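Read through the structure below, which is laid out as structure tokens, and then see the notes.
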Amino acid sequence: MLYRLAAPALFALDPERAHRLTIAALRVAPRLPPPKPGVLATEVAGIAFSNPVGLAAGFDKDAEVPDAALGLGFGFVEVGSITPRPQAGNPKPRLFRLTADRAVINRMGFNNGGSEAAVARLRTRERSGVLGINVGANKDSADRIADYLTGIATFAPFANYLTVNVSSPNTPGLRDLQSEGELAALLSAIADARTAETPPVFLKVAPDLADGDHERIVRAAIDHGIAGLIVSNTTITRPPLHSAHASETGGLSGAPLRDLALAQLRRFRAVAGRDLPLIGVGGIASAEDAWARIRAGASLVQVYSALVYEGPGLARRIVRGLERCLKRDGFTSIADAVGSE
């Protein structure tokens, strides 16, 4: 109710300013504990999740409010992407609401304060609830693989899992790391650098893939010990849109991404079977959306853009809805429902 009252004022602001105000509000809001395990509790990559609904990377780029976000009812929160050195990102404006489409276009460009500033915040955090840290490469880096290795080594002590983001469309050339030779080189370097203290490493992939890419990516991930795939990042494709900002460049997320992200998840599930956990993200705005992703093969799901339109109560609504879906369809656990379609 409070969000519905505040939404018109927030929507009157520039989207990036509204986002910063949201982060500021979470920073000073009363801290709620993370959700306790219940009927939706599940385990993925050796990590115990109280529920399978997570907050995707991009919302809390600088690890400013992970615990406040967990208090909104998320079973896990992923912060970042964080690069080794601070970078300003792309010129503004770079974030656009497509209200008629319940979508967002962004071309942020990994804007963040760098790893040193994030570590300073994470050192003061009481570890409670599952935290993922998404690492990226600096735009002007001469050695992007070295940037990922730096990020993994830097954040390993603070994360329950790490995500290697090679799928943002807003850093020139970054998606080239998904190509066969470059992906193998990156994942091989990560495997060689991994120690007993390194938490599970996930790989975040783009939805804009060609035939054969799914098999190649799954094989490379399994061969190099990647713990799971996050399917998927934003898309550079453009389905029919109705909003004034529809022609803006950048990554499209929200409702128009739902069908593409679901289709790509199904493709990855068909290739990977049960050998590689999948995390479904893209266009999830309701419990039925999340349930469809789980039935299609996702062990976990993540949301972000839907928060713009649905408000901070979204995680709890999805969790309650998933409990009903689980009971309605005769499953006793989320793990039993994964891939059951």
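Structural remarks
- Burial ordering of His242, His214, fewest other beta-carbon atoms within 10 Å first: His242, His214
- Cα centroid separation - the range 250-317 against the range 181-204, whole Å: 24
- Spatially proximal lysines relative to Lys204 (Cα-Cα < 25 Å; intrachain offsets below 8 disregarded): Lys61, Lys139
- Across the range 275-285, coupling constants 3J(HN,Hα) worked out from phi with the 6.51/-1.76/1.60 Karplus curve, θ = phi - 60°, read 7, 9, x, 10, 10, x, 8, x, x, 7, 9 Hz, and Gly and Pro carry x.
- More than 17 angstrom apart: percent of Cα pairs within the range 1-101: 64
- Residues Lys36, Lys204, sorted so that the one with the fewest Cβ neighbours within 10 Å comes first: Lys36, Lys204
- In terms of overall dimensions, the range 47-158 has a Cα radius of gyration and Dmax of 14.8, 42 angstrom.
- Scattering profile of the chain at q = 0.09, 0.11 Å⁻¹ [log10 I(q)/I(0), Debye over alpha-carbon scatterers]: -0.42, -0.65
- Val39/Arg295 FRET efficiency (R0 25 Å; Cβ-Cβ; nearest 0.05): 0.90
- Under 23 Å from Lys36, Cα to Cα: lysines that are on another chain or at least 8 residues apart: Lys327
- DSSP-defined beta bridges in the range 31-337 - what % are antiparallel, rounded to 5: 30
- Under the Karplus curve 6.51 cos²θ - 1.76 cosθ + 1.60, θ = phi - 60°, whole-Hz ³J(HN,Hα) for the range 200-215, x wherever Gly or Pro sits: x, 10, 9, 10, 9, 10, 7, x, 9, 10, 9, 4, x, 5, 5, 4
- In summary, the aspartates and glutamates within cross-link reach of Lys92, defined as a Cα separation below 15 angstrom excluding same-chain residues under 8 places away, comprise Asp14, Glu16, Glu248.
- Separation between Cα centres of the range 139-164 and the range 32-49, rounded to whole Å: 25
- MRE, 222 nm, helices only [DSSP H, n ≥ 4, -39500 (n - 2.57), over the chain, to nearest 500]: -10500 deg cm²/dmol
Throughout, read-outs are computed from the coordinates displayed, never taken from laboratory work. Everything numeric here is computed off the predicted structure, so don't read it as measured data. All Cβ positions, even for glycine, are placed from backbone atoms using ideal geometry, and neighbour counts span all protein chains on display.
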